[in-house]
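Note sheet for the following structure.
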Amino acid sequence: MYLSTGDAQGSYQVLDCIFAFDTCKEGLLRGSAPGKAFEGVKNQLQNKAKQLGADAVINCHFEYHSGLSEGLNPKKIVEVFAYGTAVILGEKK
């Protein structure tokens, strides 16, 4: 299963558009880890695509937002959003 920010080479069958979201908050002994949220979003896209029977997710778009959580002790937070198109590679069956 691969993810691509571009189109797939050759023909493919579109299954569905899929979306994922993940966050990472700053901990007591560590800072926020945007890479962890990014990996979490990629894993979610792959898992959702597998559930649909897809071979790949193409035209993926990733966005992020950073800010502070609410509450008495605000912490840095990173939110990562992603969407793409789940496809089956090859000719339509």
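Of note:
- Contact annotation: residue pairs with Cβ atoms under 6 Å, 6 or more positions apart or on different chains, pairing a residue in the range 1-25 that is touching a residue at least 40 places away in the same chain (Cβ under 8 Å) with a partner that is of a type in the set (Phe, Trp, Tyr) and part of a strand (DSSP E or B), are Phe19/Tyr83; Phe21/Phe81.
- Verdict on Val57 being within 15 Å of Cys24 (Cβ to Cβ) and not charged (D, E, K, R): no
- With respect to the stated conditions, Glu63 fails to be in contact with a helix residue (DSSP H, G or I) (Cβ under 8 Å, 6 or more places away or on another chain) and not hydrophobic (A, V, I, L, M, F, W, C).
- Test result for Glu39, under 15 Å from the mean Cα position of the chain (by Cα), crowded, with 16+ Cβ neighbours inside 10 Å and among the charged types (D, E, K, R): no
- Residue satisfying all of: in the range 42-88; assigned to a helix (DSSP H, G or I) and aliphatic (A, V, I, L, M); farthest from the chain's Cα centre (by Cα) among these: Leu52
Every number here is computed from the coordinates shown, using simple stated rules; none is lab data. This is a predicted model, so every value here is computed, not measured. Cβ: placed from backbone, ideal geometry, glycine included. Neighbour counts: every protein chain shown.
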